[in-house]
Amino acid sequence: MAGGGVFLTLLAAALVFAGAALGAVTRPRLVGAPVDVDNVENDEGLQRALQFAVAEYNKASNDMYSSRVVRVISAQRQIVSGIKYMIKAEVGRTTCPKPAADLQSCAFHDAPQMAKHAVCDFVVYTIPWLNEIKLLRSSCQ
């Protein structure tokens, strides 16, 4: 009899853990919480926010060359009274002197002494329906 009680206890514990694990998968997201942007290249709002952040980065930089995004490391979107984008991106120095009209056509420097890369955290707040955009934070290392 004691063996049957232990079996039932272990079975009950296994069902509780399985239910908790399955419940975590189907649990709804918290409204207003940041969510990952899965398709960075095709998200128009994120791309606009990133272009704005890099333009502001270039304005604030004392470098004589423009920089542009090498790759997006991570990106999140949060719905607040507008849309807040939290972006971690690698930024690299291009061969185009400032101000560059079309950054995407600018090649990156090849020479090691000229190639400069930084990982930046940008927070951009946008209210698309009012055509407003602000860089809340820019931190590069």
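Once the Cβ-Cβ distance of LYS116 and VAL31 is raised to the sixth power relative to R0 = 30 Å, the FRET efficiency obtained is 0.15. Here the accessible area is traced with a 1.4 Å probe on the protein chains. For the stretch 27-141, carbon and sulfur cover 51 percent of it.
For GLU44, the accessible area of its heavy atoms, probed at 1.4 Å with every protein chain present, is near 130 square angstrom.
Per-residue accessible area (protein heavy atoms, 1.4 Å probe) orders CYS96, CYS120 as CYS96, CYS120, starting from the largest.
Solvent-accessible surface (1.4 Å probe) assigned to LYS116 amounts to roughly 90 Å².
If you bin the C-alpha pair distances of the stretch 18-141 every 10 Å from 0, what whole percents do you get? Histogram of Cα-Cα distances, whole percents per bin: 12, 38, 28, 13, 6, 2. Placing a label point 7 Å from the Cα of GLN47 along the Cα-to-Cβ direction, the residues of the stretch 64-80 with a backbone N closer than 20 Å are 67-78. Note on ASP38/SER139: beta-carbon distance plugged into 1/(1 + (r/R0)^6) with R0 of 35 Å gives a FRET efficiency of 0.90. The relative contact order of the stretch 37-93, computed from alpha carbon pairs under 8 Å that lie at least 6 residues apart in sequence, is 33 percent. Per-residue SASA remark: ARG77, around 60 Å² accessible (1.4 Å probe; ligands, DNA and RNA not included).
The values are calculated or read from the model by the stated rules, or taken from the named source; none is laboratory data. Since the structure is predicted, the reported quantities are computational estimates derived from the model, not experimental observations. Backbone-built Cβ (ideal geometry, glycine too); neighbour counts: all protein chains shown. Just the protein is used for accessible areas: all its heavy atoms, side chains included, with ligands, DNA and RNA removed. Shrake-Rupley method; radii C 1.70, N 1.55, O 1.52, S 1.80 Å.
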